Amino acid sequence: MTLADLLPDSPARVARVVPFDTLSERLMEMGLVAGAEVMVISPSRLGSPMQIRVRGYKLSLRRQEAQRVELAS
Amino acid sequence: MSAAPSPKVETYRIALAGNPNVGKTALFNQLTGARARVANYPGTTVERRTAALRLERGPAELIDVPGSHSLVARSRDEEVAHDVLTGRMGGARADLIIVVIDATHLQKGLYLALQLLELERPMILALNQVDAARAGGLEVSAALLGKRLGIPAVSVSATTGEGIPELLLAIEAGGAIPTVLAPISDADAQLLAEAQSALRAGGHDGSRGEAAYLLSSASSARAALADDLADSLDRLVATAATRGPETFGRRLIAARYVFIDQIAVGVVTASGAAVPDRSGRIDRVVTHPAVGLLLFALATIGLFQLVYTGSEPLIGGVEAGVGWLQEWLGAKLPEGALRELILDGLVAGVGNVAVFLPQLIILFTAIALLEDSGYMARAAFLLDRPMSRVGLHGKAFLPLMTSFACAIPGIAAARTVEQPRDRLVTMLIAPFMSCSARLPIYTLVISALFASAQPVLGLSAGGLIMASMYLLGIAAAFFTAWLLKRTVLAAPAPPLVLELPDYRLPSLRGVLTHVWSQSRAFITQSGPVIVALSIVLWAAMSYPNSALDGAAKTAVEQTARLAAAGAPEPVPEEELSAAVAAAVAHAEGQHRLQNSVAGTLGHAIEPVIAPLGFDWKIGIGLIGSFAAREVLVSTLGQVYGVGADEGEESPVLREALLRETDPATGKPRFTPLVGVSLMVFFVLAMQCLSTVAALRRETGGWRWPLASIVYMNGLAWIASFATFQIGTLLGYA
């Protein structure tokens, strides 16, 4: 499962961010590393970006960026 | 060879670094009393804010490093941040780094702090917004953080001034060179150590940070080094790749966060009842897909109104002031070329600069408020979907919206767009938005040619034509963005990784500082260009100074007298002589303009603009309109000899336009089709020298402004040509 499919208000942990490119590294530098707790505040609605909470701050991503973030089951 | 001892004491360079939105600039203002000098970093549009700081140890300079999330450069701001800190950007590296961390967002700030520690320069930690953290029920221990990181740490609040004296004391003491680094695997440590010694052998600084940066960046970052050094680093990167499933760079990022989790233990303690998430509640409304968009639309309409109408009395004031100055100086100065140069060139040019200031100041204030309150990030969030369709970012919307008032503040507002290529696209399409200066031209043409046109579906034809001109501009802008993003500025649609900072009440001081530095930058950087070009244009329209010959003068006098004689009542002698003198002055002005460089040019470009339906008189107007589009109306007034003071609503000018006939055919020159062609040209053409000056300033060179002139005017010509020729074929001529 990826962050794009996570339901709002249910915390999960990041497994890894794929593929191995600079955008994934950027997401990791923003705190989305293995083991980090993430929560969806508001999902992508009508194609809008989604809002998540990670490491105590709010981040907004498009669905396609959130699909890079694989979650630990 | 040893360097000669410098006679001057070296300035102690202090860099203030931190994430965006941590109150870094507010802290900068607190430390320096907001005496910042703002310039651009060479070859960039990234602002360089510095201020002198008086220290006991000698002269010091505080540098406000652009906010960044990481030292690995992925945007222009981050690249500049990296280069300033490591000394790659003009001059020495920082002697002292102050890392500013937002106490309410500790973990993200610590990530940058760890990267800065790796640079092994003297460092201080400033834990900012401790008051906000306290209000949120959190106590953050700066002392414990400092101990764990091995550098002095001070709690401060840039809003209240709390802790500033302590921070200044820490700056005097000079900070400490960090020794604590995020633990990494032995194999990776080995690789780093090898890279460091290779760098040192090559005469480099060789800090762990430099080695880490070069090993985790793309090979292009290493290509700038000496060949053998780049080769050995490339080999180390290849070795690193075999050491596990993750890349070296990714292992390093993960290791830093593991260390952050250890550092943060026990640093934050709840000091009271947790306060409900206010920003979250606001966001539920403000970022709602429907309600949020509605609010956004209202906010932008309000902003537009404010920039457009709120500035009107001020613009009127500026124009009146310039007019008064011209009159006052005109009375003082002896008649002659020098007086004309000063009045119509210099003073008018300064007026051309000053006239933009009301709009700019209102706009800069509004932008500062939107940025500092945290709303701008939400606007970018809301508009991301429509803007990503043409390959742009949500943040590109505001500059475009602003450009409906004026492209100058619009281009300046494009700074909020992060990716350099997208910022450039935004700036290049902004001038297509129909600005307030095009309105007088639309008004003149529509009222002269379409006043009696039949309404369409109950809507006035004039209004519909006006609206289609605005739509044409928008369509051209989006087409151009689409084109640029697929060709010369090809780049994937920028990813949206956008922090939504907590809402905050903007501080008056912060907003004023922002407005002041931005306005000053406009005056000092765009101002001289606008003044110089205004003078050139004035000269072109005034020289060579050919006087009306005696016979022509007599003819004008006679015509004026005859007109007076035809009046039903006899005209008193003094009124008659005044009217005759005015007629002569008019004729002289007209004659001078027609025979000036601009007049000659008007004739010269006639073959080029004839296929668009324009004659040489409109040609002069077009040339004149390059100072500012609205000048077309007064230039046409001069060309058609009704006086430059007739405005776009003037019936006299309207009739003069309608009376004008083609000398070859005897048919009216100004047909509705010519009018539409002229408006289309004005929608698309790059005619505003002030915009060119702003583009030059923001792009740091002439390349893009010149490309813009060629592209926009080419497009305008093609569109007008198509309009006029197709219209003629369809029988509208």
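Are any residues in region A:43-57 at the interface with chain B (Cβ under 7 Å from one of its Cβ atoms), surrounded by fewer than 22 Cβ atoms within 10 Å (Cβ to Cβ) and touching a helix residue (DSSP H, G or I) at 6+ places or on another chain (Cβ under 8 Å), and if so, which ones? Across region A:43-57, the qualifying residues are A:LEU46, A:GLY47, A:GLY56.
Quick test for you: out of B:THR300, B:THR269, B:THR287, pick the one residue that is among the β-branched types (Val, Ile, Thr), within 30 Å of B:PRO358 (Cβ to Cβ) and touching a residue at least 60 places away in the same chain (Cβ under 8 Å). Step through it out loud before you land on a result.
On the way: B:THR269 fails: within 30 Å of B:PRO358 (Cβ to Cβ); B:THR287 fails: within 30 Å of B:PRO358 (Cβ to Cβ).
Checking each option against the conditions leaves just B:THR300.
With respect to B:VAL307, is the statement that it is out of contact with any Asp or Glu (no Cβ under 9 Å at 6 or more places or on another chain) and modelled with pLDDT of 85 or more true?
Numbers: out of contact with any Asp or Glu (no Cβ under 9 Å at 6 or more places or on another chain): yes; modelled with pLDDT of 85 or more: no.
Against the criterion (out of contact with any Asp or Glu (no Cβ under 9 Å at 6 or more places or on another chain) and modelled with pLDDT of 85 or more), B:VAL307 does not qualify.
Taken over region B:38-68, the residue count meeting the criterion of being modelled with pLDDT of 85 or more and in a loop (DSSP other than H, G, I, E, B) is 2.
Here is the figure for region B:328-346: residues that are over 34 Å from the mean Cα position of the chain (by Cα) and within 14 Å of B:MET541 (Cβ to Cβ) total 1.
Figure legend. Inter-residue proximity from region B:48-61: first residues of a type in the set (Ser, Thr, Tyr), second residues modelled with pLDDT under 85 and in a strand (DSSP E or B), beta-carbon distance below 9 Å, spacing 6+ or different chains. Indicated pairs: B:THR50/B:ARG37; B:THR50/B:VAL38; B:THR50/B:ALA39.
Does B:VAL710 satisfy the condition of being β-branched (Val, Ile, Thr), under 36 Å from the mean Cα position of the chain (by Cα) and modelled with pLDDT under 85?
Numbers: β-branched (Val, Ile, Thr): yes; under 36 Å from the mean Cα position of the chain (by Cα): yes; modelled with pLDDT under 85: no.
No; evaluated as a whole, the condition is false for this residue.
Apart from one condition, A:MET39 fits all of (1) touching a Lys or Arg at 6+ places or on another chain (Cβ under 7 Å); (2) surrounded by fewer than 22 Cβ atoms within 10 Å (Cβ to Cβ); (3) at the interface with chain B (Cβ under 10 Å from one of its Cβ atoms); the exception is (3). Among the residues of region B:295-305, at least one is of a type outside the set (Asp, Glu) and within 14 Å of chain A (Cβ to nearest Cβ).
Scan B:PRO501, B:PRO495 and give me the residue that is closer than 30 Å to A:LEU61 by Cα, buried (at least 18 other Cβ atoms within 10 Å of the Cβ), free of Cβ contacts under 8 Å to residues at least 12 places away in the same chain and not assigned by TED's automatic domain parsing to the domain that holds B:GLY23. Spell out how you get there, then give the answer.
Details: B:PRO501 fails: free of Cβ contacts under 8 Å to residues at least 12 places away in the same chain.
Step by step, each of B:PRO501, B:PRO495 is checked, and only B:PRO495 is closer than 30 Å to A:LEU61 by Cα, buried (at least 18 other Cβ atoms within 10 Å of the Cβ), free of Cβ contacts under 8 Å to residues at least 12 places away in the same chain and not assigned by TED's automatic domain parsing to the domain that holds B:GLY23.
Once region B:226-275 is narrowed to residues that are surrounded by 18 or more Cβ atoms within 10 Å (Cβ to Cβ) and not in a helix (DSSP H, G or I), the residue that is nearest to the chain's Cα centre (by Cα) is B:THR247.
If you go through region A:1-28 one residue at a time, how many are facing chain B (nearest Cβ under 7 Å) and touching a Leu at 6+ places or on another chain (Cβ under 9 Å)? Result for region A:1-28: 1. Looking at this structure, is B:GLU606 over 18 Å from B:THR661 (Cβ atoms) and without any contact (Cβ under 8 Å) to a residue 60 or more places away in the chain? Answer is no for this residue.
The values are calculated or read from the model by the stated rules, or taken from the named source; none is laboratory data. Please read all numbers here as calculations on a predicted model, not as lab measurements. Because the Cβ atoms are built from the backbone with ideal geometry, glycine has one as well, and the counts that use them run over all protein chains shown.
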